[in-house]
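Note sheet for the following structure.
Nothing in this text is a laboratory measurement; each read-out follows from the coordinates by a stated rule. Keep in mind the model is a prediction, meaning the values are calculated, not measured. Every residue, glycine among them, receives a Cβ derived from its backbone with ideal geometry; neighbour counts consider all protein chains shown.
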Amino acid sequence: MARYLSGEKREFQTCTNCVMDTTDSKIVFDERGVCDFCNDYYSNILPRWNNVDNDLELMETARKIREAGKGKKYDCIIGMSGGVDSSYLCYIAKVKMKLRPLIFVVDTGWNLNVAVENIEKIVKKLDLDMFTEVVNWNEMRDLQLAFFKSQVPYQDTPQDHAIFAALYNFAVKNGIKYVLTGANNATECIRPPIEWVYQNDLTLIKDIHKKFGKVSLKTFPLCGMVRYRIFYPLFKGMKRVAPLNMVEYDYDKVKIFLKEYFGWQAYENKHYENVFTRFYEGYYMPHKFGYDKRKCYFSNLILTGGMTRDNAIQELQETAYSADMIQEDKEYIAKKLGISVDEFDELIKGENKTFEDYKNTFGLIQIGTKVLRMLGVEKKKFR
Ligand SMILES: [Zn+2]
């Protein structure tokens with residue numbers, strides 16, 4: 001079967017409107033040199049998205065959630081990371097929507113103190129209940145090592161999958177129908193291309209673990225696409241709601257608000273909520289694969305008016321963080337994973353692979369997403 005990611009070299013080109021470029025092998029430019037992400041944003045996302053408070057929709061959604069949760073201890077659940085999106089979501093849910101959310105935290109073993117402190121401040125001030133699921137470290141470590149050995153770019157998959165699966169499995173198991181997500185158009189209209197960030201694919205996870213893992217995944221949270229997209233919503237009544245798309249969401253204003261209201265603290269970068277993510281996004285991906293996720297974050301900001309293209313280009317010329325800190329993180333991560341720094345360096349030097357070198361359900365996911373897009377459920381660009 002033909003490969004989706006052919007690996008053919010293209011002449012390097014950067015979008016004239018944002019900072020996405022041909023390190024995304026499937027990017028398409030129009031005659032003005034504007035990429036398909038930008039064109040999709042202006043023709044599909046922006047016209048349907050007014051970044052203003054939609055009180056009617058927010059209140060109606062809140063009413064439905066309260067109604068469904070009558071007599072129950074919690075009427076919804078929020079997966080909380082301590083970052084901007086989920087922190088603000090807690091505020092919207094409790095103060096604006098008058099809901100009774102359970103705050104759900106997943107401890108993957110990598111959380112930064114600043115994130116944990118943010119969570120505690122918000123939970124305390126809003127007087128919310130919190131549940132922390134601690135992922136078995138031995139299993140987490142084994143799966144993460146297996147991923148490094150597999151040489152695929154998506155080293156955040158073990159953590160991301162655990163966080164995602166734990167939340168949805170917990171919600172369904174405990175009869176909490178509404179899952180509130182921090183998904184929003186403002187910071188997520190440009191998604192990283194599939195070769196940078198591969199989807200939630202249990203087949204791939206299991207195959208990589210089978211080939212390179214040593215410890216069996218007895219308690220590790222797992223949830224496949226069929227269970228998540230079909231079984232949970234259709235047979236368990238699970239509903240996902242994204243309230244941040246119903247309120248004005250100005251990233252910088254929200255950050256200031258969180259600081260003033262909760263004493264919340266920012267990380268250096270939106271997604272560096274832990275050491276592993278910082279190392280993986282700031283060093284491993286750009287160094288080993290030439291993929292720089294800041295290009296997505298910055299392009300989002302350019303489209304939504306939070307950054308100029310010139311500033312983005314300037315910032316991209318600097319490494320994401322300092323060489324000293326990279327070395328420090330490398331040593332810390334190697335030690336935590338139980339390997340030497342030399343062994344870790346060898347792993348990083350290995351031959352690059354993609355999901356197509358392993359069992360996967362990419363074809364099925366692609367068809368499913370195309371159908372959702374046709375039905376208008378999925379508005380974001382997918383490739
Ligand atoms: Zn663009």
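Counting only DSSP beta bridges with both residues in the chain, what percent are antiparallel, rounded to the nearest 5?
The answer is about 15 percent antiparallel.
Where does the Debye-calculated log10 I(q)/I(0) of segment 34-139 sit at q = 0.14 Å⁻¹, using only Cα point scatterers of equal weight, no solvent?
For segment 34-139 at q = 0.14 Å⁻¹, log10 I(q)/I(0) is -0.72.
How would you rank E139, E343, going from fewest to most other Cβ atoms within 10 Å of each one's own Cβ? Please list the in-between numbers first.
Values: E139 20, E343 14.
Result, fewest neighbours first: E343, E139.
Modelled label-to-label distance, D357 and N311, 7 Å Cα→beta-carbon offset: nm?
3.9
Along segment 40-49, what does the Karplus equation 6.51 cos²θ - 1.76 cosθ + 1.60 (θ = phi - 60°) give for ³J(HN,Hα), rounded to whole Hz, x for Gly and Pro?
With coefficients 6.51, -1.76 and 1.60, one gets 5, 4, 5, 8, 10, 8, 4, x, 9, 10 Hz.
List the residues whose amide H sits under 5 Å from the amide H of T132, counting only those 5 or more places along or on another chain, with H placed 1.01 Å from N in the peptide plane.
Long-range HN contacts for T132: V105.
Run the paramagnetic zone check for K73: 7 angstrom along Cα to Cβ, then residues of segment 224-246 with backbone nitrogen under 15 Å.
none
If one puts a single equal scatterer on every Cα of segment 187-331 and applies the Debye formula without solvent, what log₁₀ I(q)/I(0) results at q = 0.09, 0.14 Å⁻¹?
Results for segment 187-331 at q = 0.09, 0.14 Å⁻¹ read -0.43, -1.01.
DSSP loop (so not H, G, I, E, B), at most 15 other Cβ within 10 Å: list which trypsin sites (Lys or Arg not before Pro) in segment 234-336 pass both filters.
K236
Would you be so kind as to identify which of F131, T157, I339 lies farthest towards the positive end of the dipole of the chain, taking Lys and Arg as +1 and Asp and Glu as -1 on Cβ and the Cα centre as origin?
It is F131, whose Cα lies furthest towards the positive end.
Can you tell which of L258, M307, L99 lies farthest toward the positive end of the dipole of the chain, using +1 and -1 charges on the Cβ of basic and acidic side chains (Lys, Arg; Asp, Glu)?
L99
From the C-alpha coordinates alone, can you work out the Kirkwood hydrodynamic radius of segment 120-162, in Å? Mind showing how you got there, number by number?
Working: mean 1/r = 0.0799 Å⁻¹.
Here the Kirkwood hydrodynamic radius works out to 12.5 Å.
Using each residue's phi in segment 103-117, evaluate 6.51 cos²θ - 1.76 cosθ + 1.60 at θ = phi - 60° and report the 3J(HN,Hα) Karplus result to the nearest Hz, with x for Gly and Pro.
For segment 103-117, the Karplus curve yields 8, 10, 10, 10, 9, 8, x, 10, 4, 7, 4, 4, 5, 5, 4 Hz.
Please give me the summed charge of the neighbours of K94: other residues whose Cβ is under 10 Å from its Cβ, Lys and Arg +1, Asp and Glu -1.
Working: positive: K96, K98, R100, K125; negative: D127.
Local charge sum for K94: +3.
Tell me, in nm to one decimal, what length is gained between T132 and D252 on full extension, where the rule is 0.36 nm per residue of separation less the Cα-Cα distance?
Working: separation 120, 0.36 × 120 = 43.20 nm, distance 2.86 nm.
Extra length available between T132 and D252 comes to 40.3 nm.
Rank S87, C76, N54 by how far each Cα sits towards the positive end of the charge dipole of segment 46-102 (+1 on Lys, Arg Cβ; -1 on Asp, Glu Cβ) and give me just the farthest.
C76
If I model a spin label at Q13 and K124 as a point 7 Å from the Cα along the Cα→Cβ vector, what separation in nanometres do I get?
In this crude spin-label approximation the distance works out to 5.4 nm.
May I ask you to derive the FRET efficiency for E57 and R191 from their Cβ-Cβ distance with R0 = 22 Å, giving the value to the nearest 0.05? It would help to have the intermediate numbers written out before the result.
On the way: r = 24 Å, r/R0 = 1.08.
E(calc), rounded to 0.05, equals 0.40.
Can you tell me what the convex hull of the Cα atoms of the chain projects to on average, as an area in nm²?
Details: hull surface 76.3 nm².
If you wrap the Cα atoms of the chain in a convex hull and average its projections, you get 19.1 nm².
So which trypsin sites (Lys or Arg not before Pro) in segment 21-110 pass both tests, a DSSP loop state and at most 16 other Cβ atoms within 10 Å of the Cβ? Before the final figure, lay out the partial values.
Details: sites: K26, R32, R48, R63, K64, R66, K70, K72, K73, K94, K96, K98; in loops: K26, R32, K70, K72, K73, K98.
In loop regions of segment 21-110 (DSSP not H, G, I, E or B), the sparsely surrounded trypsin sites (Lys or Arg not before Pro) are K26, R32, K70, K72, K73, K98.
Determine, for segment 245-350, the count of lysine pairs separated by eight or more sequence positions (or lying on different chains) whose alpha-carbon distance falls under 28 Å.
Total qualifying Lys-Lys pairs in segment 245-350 comes to 29.
Expressed in whole Å with the largest first, what are the equivalent ellipsoid semi-axes of segment 230-315 derived from the C-alpha gyration tensor as the square root of 5 times each eigenvalue?
Numbers: eigenvalues 149, 92, 49 Å².
The three semi-axes for segment 230-315 are 27, 21, 16 Å.
In debye, nearest 20, what is the charge dipole magnitude of segment 1-104 about its Cα centre with +1 on Lys and Arg Cβ and -1 on Asp and Glu Cβ, if you could check? If you can, show how the numbers build up before the last one.
On the way: 16 positive and 15 negative charges, 192 e Å.
Dipole about the Cα centre, nearest 20: 920 debye.
Taking θ as phi - 60°, what are the ³J(HN,Hα) couplings along segment 171-183 by the Karplus curve (6.51, -1.76, 1.60), each to the nearest whole Hz, with x for Gly and Pro?
Values, residue by residue: 4, 5, 4, 9, x, 8, 6, 9, 10, 8, 10, x, 4 Hz.
Would you list which lysines come within 18 Å of K72, measuring only between C-alpha atoms, while excluding same-chain residues fewer than 8 positions from it?
Of all the lysines, those that pass the test against K72 - Cα under 18 Å, at least 8 places apart if same chain - are K64, K94, K98, K173, K177, K236, K239.
Whole number please: convex hull volume per residue of the Cα set in segment 106-233, in Å³? Don't skip to the end; give the middle numbers.
On the way: hull volume 17.8 nm³, N = 128.
Considering the Cα atoms of segment 106-233, their hull volume per residue is 139 Å³.
At E343 and K98, where each label point lies 7 Å from the Cα along Cα→Cβ, what is the point-to-point distance in nanometres?
A separation of 5.7 nm, rounded to one decimal place.
Suppose the chain between K336 and R240 were pulled fully straight at 0.36 nm per residue; how much longer would it get relative to their current alpha carbon spacing?
Numbers: separation 96, 0.36 × 96 = 34.56 nm, distance 3.47 nm.
Contour length minus the Cα-Cα distance gives 31.1 nm.
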